[in-house]
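Structure first, commentary second.
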Amino acid sequence: MVECPVCDGKIDVDEEDVDEGDTISCDECGAALKVVGTEPLELESAEDLEEDEEEEDAFLEEEEEDADEDWK
């Protein structure tokens, strides 16, 4: 059993059947959850991870643009 990071509900997951990067869903709230660690099993909201990745990508693009402007 592992706790849903969105609703704190209990999710019955066979820890041997999941790998880091897998996506599962919460039976109680239906949230998409990504496995971010396996020992111990750690889940994070897939939506939160996507938002973080989008913010990081936007930051990196901005950094590249700034570097290009400085180079000119």
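Tell me the net charge near Glu28. Cut-off is 10 Å between Cβ atoms, Glu28 excluded, with +1 for each Lys or Arg and -1 for each Asp or Glu.
Details: positive: Lys10; negative: Asp8, Asp27.
The answer is -1.
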*So for the pair Glu55, Glu28, with labels modelled 7 Å out along Cα→Cβ, what separation do we get in nm?*
2.5
*asked:* If I stretch the segment between Val13 and Glu42 completely, what's the gain in nm (0.36 nm per residue apart, minus their alpha carbon distance), one decimal?
replied: 9.3 nm
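Each value in this text was obtained by applying a stated rule to the coordinates, not by laboratory testing. Being a predicted model, the structure only gives us computed values, none of them experimental. Cβ sites come from the backbone with ideal geometry, for glycine too, and all protein chains shown count toward neighbours.
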